[in-house]
Amino acid sequence: MRVGVVGLGMGLYLATWCRRLGMEVVAVCDRDPGRRAEARELLPGAASVDEWPALLDQRLDAVVLANDFDEHTPLSVAFLDAGVHVLSESAACVDEQQARALLAAERRSAATYSFAENYVFHPHVQLVRTIVEAGEIGRVTLIEADYLHGMAPDAVAGLIGDPAHWRGRIEPTAYCTHTLSPVLALTGAMPTEVAAFPVDAADPRTAVVMVVRLDDGGLAITRHGFLQGEPDSHWSWFSARGTEGLAESVRATGERAWSVRVRKESWTDPGGNVRDEEREPAPLFLPDGTRVEPKAEGTVRILEGLRACVEDGRPPLVPALPAVAASLVGVAGARSLRENSRPIPLPDFVVRGAYPVS
Ligand SMILES: NC(=O)c1ccc[n+]([C@@H]2O[C@H](COP(=O)([O-])OP(=O)(O)OC[C@H]3O[C@@H](n4cnc5c(N)ncnc54)[C@H](O)[C@@H]3O)[C@@H](O)[C@H]2O)c1
C-alpha cells in the first residue's frame, strides 16, 4: 500500500506509524525545508516535495493529510477526485460550502474519505462504547467530553498567540472534533443545535463549553481548550449517562485515567444492590507482540482502518458525514460565541436522514 503524507509535524508521527504497521510511505510533503530534512532521516527512501499537487503523480493508494487545521478540504477533494483514499486530520471543513464540496467529492469518488479521529478509538472511549453497546447503562441521554490542556499561561500564549499560525487563527470552538467525534460515534446521532460559552468572559479564547443537542433527543456537553486539571488519558475525559446507569473514564492520574467507572443504582438490580466498579481497557498488541502505548491506540486503529479501506474495500471508520458534522459544530459554536451564546442550528444536511449515506 503506497502512502503519501502532507504536513510533517503530526504527519511525521503518522508516517512513522504507517511504516511500523507495514505500509509503504513513498512520498512526503512540507513547505518547510527543516521538516523535510527531518522526514528524510526518519523515512529513508521516501520522495520529498514542497508542494502537495506533486503527490498526485506518485501513484498513491492513500494520502494522509496533516497540513494546517483549517486547510484540509481542498486537498481532500483533489485526492478523492484523483481516486486516492484520504485520511484527513481535523478539521474536515471550515464552513458549510466546504462541507458540501467534501460530501459531494466523497460521493463521486471510487476512493474513500476517513477522518483521522484517533479520539474515537482511545482505550477509555472504546470501553465506554462497548459498555453502551452491550446495553449495560440503557439509552444514553447525557454525554460529557473534555479535551483539555492544563498549561501555564505563557505556554498557552506561545501556542495560540501567533495569528500567522493555524493554532492562533482558528476559532476557540474549532478544535471540538476530539470531543464531538466520540459523541457522534457513541450515539450514532447527529448534532442539531449548539450553544457555546466562554469559560472566562474576560479571556474568551482560552477555553469554551459547548452544549449540543443531538437528533436522538440526547444532550452533549463538551469542554475544550486550556483549563487546569488536564486528564492523563491524552487530554481526553469521556462520560455517558444512560437511562439505567453511568459509564465514564476515571478522573485519576497515570494509567488509571484510561479506566472506566460503571455505576448502576440498586433499582436497576433484581437483587437490590448498587454496582459501582472500575474496569480497565484490554491492551492492544501489534502482530510482533509489542504492546501499543494507550495514547497511540487511536492512531494505530485509524491507520489500520485506512488500510482496510484500501486493501479490503471496507467502509471508513469515521466517514465524511460525521466528520463534517463534528467540524460544523465548531463553526456554529463560533457563531454562538459571537452572538452572546445563543443556540445556533446546524445545517439541515448534517441532520440524520437529510443526506443519503451510502
Ligand atoms: N489527532 C491528533 O491527535 C493530532 C495531534 C496533533 C495535530 N493534529 C492535527 O494535525 C494537523 C497538523 O498539526 P501540527 O501540530 O502538525 O501542526 P504544525 O503547524 O506543526 O504542522 C503542519 C505542517 O504542515 C505544513 N504545511 C501546511 N500547509 C502546507 C501545504 N499546503 N503544503 C505543504 N506543507 C504544508 C507546515 O509547513 C507544517 O510543517 C492539524 O490539523 C492538527 O489538528 C492532530
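Assorted remarks:
- Taking the conditions (1) more than 26 Å from Ala252 (Cβ to Cβ); (2) surrounded by 23 or more Cβ atoms within 10 Å (Cβ to Cβ) in turn, Gly161 satisfies each one other than (2).
- Neighbours by Cβ (under 7 Å, 6+ apart or cross-chain): first from region 62-90, in contact (Cβ under 8 Å) with a residue 40 or more places away in the chain; second in a helix (DSSP H, G or I) and among the polar types (S, T, N, Q): Leu65/Ser76; Ser88/Ser76; Ser90/Thr177; Ser90/Ser327
- Within region 61-83, the set of residues being surrounded by 23 or more Cβ atoms within 10 Å (Cβ to Cβ), more than 9 Å from the ligand (Cβ to nearest atom) and either in a loop (DSSP other than H, G, I, E, B) or of a type in the set (S, T, N, Q) (or both) comprises Thr73, Ser76.
- Cβ-Cβ contacts under 7 Å between residues 6 or more apart (or on different chains), taken from a first residue in region 282-309 that is closer than 16 Å to Ser233 by Cβ to a second residue that is of a type in the set (D, E, K, R), are listed as Pro283/Arg291; Leu284/Glu297.
- Filter result for Glu304 (surrounded by fewer than 18 Cβ atoms within 10 Å (Cβ to Cβ) and under 18 Å from Ser181 (Cβ atoms)): yes
- Residue match in region 193-216 (condition: within 19 Å of Val331 (Cβ to Cβ), buried (at least 18 other Cβ atoms within 10 Å of the Cβ), under 16 Å from the mean Cα position of the chain (by Cα) and of a type outside the set (Asp, Glu)): no
- Ala92 being away from the ligand (no atom under 14 Å from the Cβ), at pLDDT 95 or above, under 17 Å from the mean Cα position of the chain (by Cα) and among the aliphatic types (A, V, I, L, M): no
Residue-wise test of (1) under 16 Å from Val262 (Cβ atoms); (2) within 16 Å of the ligand (Cβ to nearest atom).
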position: Tyr113; (1), (2): no, yes
position: Ala116; (1), (2): no, yes
position: Val120; (1), (2): no, yes
position: Val125; (1), (2): yes, yes
position: Val128; (1), (2): yes, no
position: Ile131; (1), (2): yes, no
position: Ile143; (1), (2): yes, no
position: Leu148; (1), (2): no, yes
position: Met151; (1), (2): no, yes
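- Pair list, Cβ under 9 Å, 6 or more apart: region 24-47 residue closer than 23 Å to Glu304 by Cα, other residue within 14 Å of the ligand (Cβ to nearest atom) and hydroxyl-bearing (Ser, Thr, Tyr): Val25/Thr16; Ala27/Ser48; Val28/Ser48; Cys29/Ser48; Ala39/Ser48; Leu42/Thr16; Leu43/Thr16
- Failed item in (1) of a type outside the set (Ser, Thr, Tyr); (2) in a helix (DSSP H, G or I); (3) crowded, with 18+ Cβ neighbours inside 10 Å, with Ile143 passing the rest: (2)
- The residue list Pro319, Pro294 contains one member that is more than 22 Å from Leu12 (Cα to Cα) and within 20 Å of the chain's Cα centre (by Cα), which is Pro319.
- Which listed residue is more than 18 Å from Val310 (Cβ to Cβ) and not polar (S, T, N, Q), from Arg59, Arg100: Arg100
- Complete set of residues in region 78-113 that are over 17 Å from Thr173 (Cβ atoms) and of a type in the set (Ser, Thr, Tyr): Ser88, Ser109, Thr112, Tyr113
- Considering region 48-60, and only residues there that are among the aliphatic types (A, V, I, L, M) and within 14 Å of the ligand (Cβ to nearest atom), the residue that is nearest to Leu159 (Cα to Cα) turns out to be Val49.
- Residue in region 91-110 that is over 25 Å from Gly330 (Cα atoms) and either in a loop (DSSP other than H, G, I, E, B) or touching a Ser or Thr at 6+ places or on another chain (Cβ under 7 Å) (or both) present: yes
- Residue selection: Thr112 fails the criterion of being surrounded by fewer than 16 Cβ atoms within 10 Å (Cβ to Cβ) and among the hydroxyl-bearing types (Ser, Thr, Tyr).
- Test result for Leu55, surrounded by fewer than 19 Cβ atoms within 10 Å (Cβ to Cβ), farther than 29 Å from Thr187 by Cα and over 22 Å from the mean Cα position of the chain (by Cα): no
- A single member of Arg241, Arg251 is basic (Lys, Arg) and buried (at least 19 other Cβ atoms within 10 Å of the Cβ), and it is Arg241.
- All conditions but one from (1) more than 10 Å from the ligand (Cβ to nearest atom); (2) touching a strand residue (DSSP E or B) at 6+ places or on another chain (Cβ under 8 Å); (3) among the β-branched types (Val, Ile, Thr); (4) farther than 17 Å from Thr177 by Cβ apply to Val28; the one that does not is (1).
The values are calculated or read from the model by the stated rules, or taken from the named source; none is laboratory data. The structure presented is a predicted model; accordingly, all values stated were derived computationally and were not measured. Here Cβ is always computed from backbone atoms with ideal geometry, including for glycine, and neighbour counts include all displayed protein chains.
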